[in-house]
Every structure is written in C-alpha cells, then in structure tokens.
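Visitor: Structure provided below as structure tokens; questions to follow.
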Amino acid sequence: MLGIALGVTTLITVISVMNGFEKELRARILGAISHATIQSLDGPLDEWRDIITDVNKRDDVVASAPYIEVGAWLQSNGSSAALVRGVSPSYEATVSDVSTSMISGSLEDLRAGEYGIVIGIGLAVRLRVGLGEKVTVIAPRLKASPFGASPLMRRFTVVGMFEFGEHENDTGLAMVHIEDASRLLRMPDNSIGGIRLKLEDLDSAWLVAREISDQLDGAYRVRDWTQERGNLFQAVRTEKTVMWVILSLIIAVAAFNIISMLVMVVTDKQADIAILKTMGAHAGTILRVFVVQGSLIGIIGTALGVIGGIILAQNIATVVPFLERIFGFALFPSDIYYITELPSDLRQSDVIAFALMSLGMSLLSTLYPAWRASKTDPAEALRYE
C-alpha cells in the first residue's frame, strides 16, 4: 500500500509542478513577446494603420500594436547587448503585460522627442544605472560622416524599469518610444518595423497567423510565438512526458510487489485452499478471494496516494522555501532558471488518469496469483498433511 501511495503521490506532485512550470513560463515569456507579428518583406511597413484596422476586426485577435525592433549595444556605467523595441505606449499596453510589470516609472513616461528608455531590472543591474541616468544606445547600422562610417547612436534617459520575473526579458529587453526609435534608425516618416498581435487563443496562434497571412494583400511575413520560442515549450512538454513515463515505473514496481506478495500467500496457504476446495469451494471463489485481496491493496494505496499528492501539490510553494531554509541554498537561482519559484498547477484530469492507471496496474497484478491459487490440486496439496 505504501509503495503504491508513494508512487501516486510523487507522480501527481511532479506532473503538477511541470504543468505549473509550463503555465508560468508561458505567461511570463508571452507577457513580453508577441503572440504573432506582421512584417513587410520589402522593408519598413508604411500602411500599418489600415492593416491594424483590418486585423482588429477578427474575433480571434484581441489587440494589435506597431513596433520597431533592433538588436543594439547599450552602454553606461556598464555595457550589455539588448533588444531595443520602439513602442507606442497607448498601443503597447493592449498587447503586453509591461504596464503591469513596471517596478518604477511608467510606460507612459515614454514621450516622443524626449528620448526616454524603459529597461528590465536585470539589464539595469548590468548597466549599473537607475532612474534619470543616461544610457547610450548603439545600433548596428552605419552612417556616413566626414571621418568615415560610424554606427548610429543616441543617448537615452532611463525613465522606468520593469520585471517580468523571466531572466531573458529582464536582462535583454529595453523599450523606447517608437518615434525615437525611428529617428535613431533613420527610418522614413510614418513607417514602422511591424505589427504585434495579441490573440484570443495561444494554442491556435499558428493557424490564426496563416489565416491572417492569406487575408493580407501584399508581400508580408506573419510569424507566431511558436516560431520564436516554440522549441522551449516543446522541450517542456517532452520533459513532462518522459517524467510521466519514468515515474509510472514507481507504480509498476509497487504493483509487481503485489504479485510477489500474493504468490507467497498462495504458496503458504496451499493447504487451506485445498481444504476449501474439498469442502465445495469453486475455482472462481478462490480466484475472487485473491483478486479482492490484491485490489484492496491497490485501492487503499491509490486513495492514500491521491490524497497525499493533492495536499503536496497544493502546498509545494510552502514546502520549497522550507527546504531552502534548511539546506541554505536556492533551488532555483534567477541567473540559471527562467522562473525563480516552484509553481504548481493541479489538474483534475491528471489526478483521474493517474488514479485509474494505478488501479488498473493493481488489478492486473492480482490475476496471475489468483489464477494460480484457483488451479490448486487438493490431492497434491494435502498429500503430506
């Protein structure tokens, strides 16, 4: 019973943590990146307002926003590479969670012509800057000057900081006003780099992107989030599947112990089984006795495991800090993992599936010993009694 209970508890807890990890990872990463993007294949996007109007008419599109994006080198008291995104504050708040992730300043502090910049908290640490300090943005494009070609650069003032709780965005993303980004990159007036979309259903992002691509007239490239970060989430799903298979072996071992135990009981009770048969017990009666005995072990063990798994999965956020205090180190350092705390997402479908699997294994493990007991020959069993 304890073996089955331990297996079911472990399986429910680990899979719940994997579900929570995937859910939290998706929420934090997709809070900063686009669900889908529309870009022109011919360069800057000029007629973007008409495209936004057409796309927003779709029921599966929540909102859309213009943007300009470029990889750049940021320099102040320190230096670091980062993705600089030009955004329109009024539009950006509808397609990302940056407004709710601000820890100082506001996205509305980005005003055209003032050259303000909002950076992630990790990037601020790398640059060793705070609010009001200057950051030089060096774009990987050249301009002609009397002294030869030189990179495009501009000094920006830090007007805000955000924290998504996700390492890559917090250390590698900066935002400026879209008009300031356009001036920095010497782009034509009223042109942008592309359009970011927020979709109703993330899981159908690829299909929606294909439909939007077919809907637009012209040379456009439509990409969804699975093309940008899809490999990461696929790796998480694969890891969850492998973990499910590996942990299921714990239950299989416990079920095998039921076989071993019942075989030993049958061997030990040969004489009793033979006496019952001589008194008129049928083979089916003997078979049911051992099936019931093994099934009760599986049912009670599974019930204990389900209760333990639910309790542990729902309180994992309390258990992990307790273990960290005891052992004196962080289980999830922020410089290594995307998420610095252990989330849990307990799903009823998983609990039911694991319980049925455990009960099924327990029932199957009783069949051979019960069949062996039902085939006991009374004369042979009682020969030396």
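The values are calculated or read from the model by the stated rules, or taken from the named source; none is laboratory data. Just so you know, these numbers come straight off a predicted model, no measurement behind them. Note that each Cβ is placed from the backbone with ideal geometry, even for glycine, and that neighbours are counted across all protein chains shown.
Visitor: Applying the selection to region 283-302, what residues are under 23 Å from residue 8 (Cα atoms) and without any contact (Cβ under 8 Å) to a residue 40 or more places away in the chain?
Guide: 292, 296
Visitor: Of all residues in region 86-107, which are in contact with a Gly (Cβ under 9 Å, 6 or more places away or on another chain), closer than 28 Å to residue 199 by Cβ and not in a loop (DSSP other than H, G, I, E, B)? Spell out how you get there, then give the answer.
Guide: At the first step, the residues of region 86-107 found to be in contact with a Gly (Cβ under 9 Å, 6 or more places away or on another chain) are 86, 96-98, 100-107.
Filter once more, so that each one left must be closer than 28 Å to residue 199 by Cβ: 86, 96-98, 100-103, 106-107.
Within region 86-107, 86, 100, 101, 102, 103, 107 meet the criteria.
Visitor: So, in region 273-285, exactly how many residues are closer than 14 Å to residue 372 by Cα and surrounded by fewer than 17 Cβ atoms within 10 Å (Cβ to Cβ)?
Guide: Adding up the residues that qualify gives 4.
Visitor: Please verify whether residue 28 is buried (at least 18 other Cβ atoms within 10 Å of the Cβ), charged (D, E, K, R) and assigned to a strand (DSSP E or B), treating the condition exactly as stated.
Guide: So residue 28 does not fit the description; no.
Each row is one residue, and each column tells you yes or no for (1) of a type in the set (Ser, Thr, Tyr); (2) at pLDDT below 80; (3) not in a helix (DSSP H, G or I).
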residue	(1), (2), (3)
229	no, yes, no
248	yes, yes, no
254	no, yes, no
267	yes, yes, no
289	no, no, no
304	no, no, no
308	no, no, no
311	no, no, no
323	no, yes, no
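Visitor: Does region 29-43 include one or more residues that are under 30 Å from residue 247 (Cβ atoms) and either at pLDDT 90 or above or not hydroxyl-bearing (Ser, Thr, Tyr) (or both)?
Guide: yes
Visitor: Okay, moving on. Would you confirm whether or not region 59-66 contains a residue that is crowded, with 17+ Cβ neighbours inside 10 Å and touching an Asp or Glu at 6+ places or on another chain (Cβ under 6 Å)?
Guide: Yes, region 59-66 contains a residue that is crowded, with 17+ Cβ neighbours inside 10 Å and touching an Asp or Glu at 6+ places or on another chain (Cβ under 6 Å).
Visitor: Considering only region 46-60, state which residues are in a helix (DSSP H, G or I), over 14 Å from residue 190 (Cα atoms) and among the charged types (D, E, K, R).
Guide: The one that is in a helix (DSSP H, G or I), over 14 Å from residue 190 (Cα atoms) and among the charged types (D, E, K, R): 54.
Visitor: Take residue 235 and tell me if it is surrounded by 17 or more Cβ atoms within 10 Å (Cβ to Cβ) and either in contact with a Leu (Cβ under 7 Å, 6 or more places away or on another chain) or assigned to a helix (DSSP H, G or I) (or both).
Guide: So residue 235 does not fit the description; no.
Visitor: Before we move on, is residue 189 surrounded by 15 or more Cβ atoms within 10 Å (Cβ to Cβ) and not in a strand (DSSP E or B)?
Guide: Numbers: surrounded by 15 or more Cβ atoms within 10 Å (Cβ to Cβ): no; not in a strand (DSSP E or B): yes.
When the stated conditions are applied, residue 189 does not pass them.
Visitor: Any idea how many residues of region 341-371 are surrounded by fewer than 16 Cβ atoms within 10 Å (Cβ to Cβ) and either assigned to a helix (DSSP H, G or I) or without any contact (Cβ under 8 Å) to a residue 60 or more places away in the chain (or both)?
Guide: Number of matching residues: 10.
Visitor: Can I ask one more? Determine whether residue 202 is modelled with pLDDT under 80 and outside the structural domain of residue 357 (by TED's automatic domain parsing).
Guide: It is true that residue 202 is modelled with pLDDT under 80 and outside the structural domain of residue 357 (by TED's automatic domain parsing).
Visitor: Additional query: How many of the residues in region 325-356 are of a type in the set (Ser, Thr, Tyr), over 15 Å from residue 164 (Cα atoms) and at pLDDT below 85?
Guide: Summing the residues that are of a type in the set (Ser, Thr, Tyr), over 15 Å from residue 164 (Cα atoms) and at pLDDT below 85 in region 325-356 gives 1.
Visitor: Sticking with this one: Exactly one condition in (1) surrounded by fewer than 23 Cβ atoms within 10 Å (Cβ to Cβ); (2) over 23 Å from residue 26 (Cα atoms) is false for residue 177; which is it?
Guide: With (1) surrounded by fewer than 23 Cβ atoms within 10 Å (Cβ to Cβ); (2) over 23 Å from residue 26 (Cα atoms) applied to residue 177, the lone miss is (1).
Visitor: Can you find a residue in region 196-203 that is under 23 Å from residue 41 (Cα atoms) and surrounded by fewer than 13 Cβ atoms within 10 Å (Cβ to Cβ)?
Guide: no
Visitor: Which residue out of 136, 157, 100, 94 is within 29 Å of residue 56 (Cβ to Cβ), touching a residue at least 12 places away in the same chain (Cβ under 8 Å) and of a type in the set (Val, Ile, Thr)?
Guide: Matching residue, one of 136, 157, 100, 94: 94.
Visitor: Return the only residue of 132, 122 being surrounded by fewer than 19 Cβ atoms within 10 Å (Cβ to Cβ) and either of a type outside the set (Lys, Arg) or not in a helix (DSSP H, G or I) (or both).
Guide: After applying the criteria, what remains is 132.
Visitor: Quick one: would you say residue 131 is at pLDDT below 90, assigned by TED's automatic domain parsing to the domain that holds residue 195 and among the hydrophobic types (A, V, I, L, M, F, W, C)?
Guide: Here the answer is no, as residue 131 does not meet what is asked.
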